[in-house]
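Everything on this sheet refers to the single structure shown next.
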Amino acid sequence: MSTTSSIQTIFRDHLFAGKSALITGGGTGIGLRCARELARLGAKVVLAGRTREKLEQAVAGISEQGGEAHAVVCNIREAEDIESGIAESIRLMGGLDLLVNNAGGQFPSPAEDIPRKGWNAVIDTNLTGTFFTTQEAFRQHMRSHGGAVVNIIADMWQGFPMMAHTGAARAGVDNLTKTLANEWGRHGIRINAVAPGIIETSGLERYDPMVRPFIEEAAKNNQTRRMGTEAEVAAAVTFLLSPAASYITGVTLRVDGGQSIFHPLCPPQGDGKMPVFEDTFDRVQDGSVP
Ligand code: ADE
């Protein structure tokens, strides 16, 4: 079982001491893994999400290991929630230096069948929610104090078959990352993105089990021949938030094992020889799988 203090980290202790971090969609999956890493390195963290129970369970896990964590219930589709959620986060932590826009959601569907309501919901969460959360963090704190933001997007570089809505939204966030990096650099704010490939995360369970074999097959289409881990994504997020990335803004770092550079002249082959950084994830921590 992996814990906040025993998680593998390549970063030095206390790297984020005195820093305050808000992670949306922080109760599970990649968001929680980022929160655990940041807390392990000394940051105060707020986990924001829609489900209090999940958030509190995650907060308890971090607190048990000596990290400072808080739960803030916030639906990023609601303007008032964003405004009050950011204010509450600043109140709880005494500031807001780091923001991880991880909250997102989508459902697989052929483009021709996506209903307007589903389309709007996905755009609302992944694109609009991400933008207004960042805008509110800017208005309430970062404009006058600086900060660092990481947006979690996806491997949508060749389009996103069966996920037209989220592909469009994530491409929008990729562009937003560059716009905001240009507009807000003068305020001491860096904004970058991380684009994960296929990651072994608790979020995969929400898909129909019929889809799982397709995902497993697709996950061999990269040079590691496996899925990525939450820890591998969190390591990239942590780096981009850290002072070590102080000369990096407006970039999207692909954490996809090379999936997005697939070339038909040299397709991935073999058993995969690249080691995994850390293969534990939420489902293991919360005991839902052995
Ligand atoms: N995670 C997934 N969807 C979300 C939303 N609308 N608000 C906050 N966290 C989320």
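The values are calculated or read from the model by the stated rules, or taken from the named source; none is laboratory data. Treat the numbers as computed from the prediction; the structure is a model and nothing was measured. Cβ atoms come from the backbone with ideal geometry, glycine included; neighbour counts cover every protein chain shown. Side chains included, ligands, DNA and RNA excluded: accessible areas come from the protein's heavy atoms. Shrake-Rupley method; radii C 1.70, N 1.55, O 1.52, S 1.80 Å.
Taken over segment 127-165, the criterion of being of a type in the set (S, T, N, Q) and closer than 25 Å to residue 72 by Cα is satisfied by 128, 130, 133, 134, 135, 140, 144, 151.
Taking residue 67, is it more than 21 Å from residue 205 (Cα to Cα) and surrounded by fewer than 22 Cβ atoms within 10 Å (Cβ to Cβ)? So residue 67 fails the test. Select from segment 245-259 the residues that are surrounded by 18 or more Cβ atoms within 10 Å (Cβ to Cβ) and assigned to a loop (DSSP other than H, G, I, E, B) and list them in ascending order. 249, 256, 257, listed by residue number.
How many of the residues in segment 193-244 are open to solvent by less than 40 Å² (accessible area, probe 1.4 Å) and without any contact (Cβ under 8 Å) to a residue 12 or more places away in the chain? Qualifying residue count, segment 193-244: 1. Taking the condition among the charged types (D, E, K, R), in a strand (DSSP E or B) and either surrounded by 14 or more Cβ atoms within 10 Å (Cβ to Cβ) or at pLDDT 95 or above (or both), does residue 190 pass? Against the criterion (among the charged types (D, E, K, R), in a strand (DSSP E or B) and either surrounded by 14 or more Cβ atoms within 10 Å (Cβ to Cβ) or at pLDDT 95 or above (or both)), residue 190 qualifies.
For segment 273-283, the count of residues that are open to solvent by 20 Å² or more (accessible area, probe 1.4 Å), among the aliphatic types (A, V, I, L, M) and part of a loop (DSSP other than H, G, I, E, B) is nonzero. Could you list, in sequence order, the residues of segment 90-131 that are within 19 Å of the chain's Cα centre (by Cα), over 30 Å from residue 68 (Cα atoms) and open to solvent by less than 40 Å² (accessible area, probe 1.4 Å)? Selection gives 121, 122, 123. Looking only at residues in segment 22-45 that are within 12 Å of residue 67 (Cα to Cα) and of a type in the set (A, V, I, L, M, F, W, C), the one that is surrounded by the fewest Cβ atoms within 10 Å (Cβ to Cβ) is 41. Looking at segment 17-66 only, could you name the residues that are within 16 Å of the ligand (Cβ to nearest atom) and among the β-branched types (Val, Ile, Thr)? Those that are within 16 Å of the ligand (Cβ to nearest atom) and among the β-branched types (Val, Ile, Thr): 23, 24, 28, 30, 45, 46, 51, 59. Take residue 112 and tell me if it is more than 22 Å from residue 182 (Cβ to Cβ), of a type in the set (Asp, Glu) and at pLDDT 95 or above. Taking the combined requirement at face value, the residue satisfies it.
Looking only at segment 145-168, count every residue that is under 16 Å from the mean Cα position of the chain (by Cα) and not in a strand (DSSP E or B) and tell me the total.
Of the residues in segment 145-168, the ones under 16 Å from the mean Cα position of the chain (by Cα) are 148-156, 166-167.
The next check asks that each one be not in a strand (DSSP E or B); those that pass are 153-156, 166-167.
Number satisfying all stated conditions: 6.
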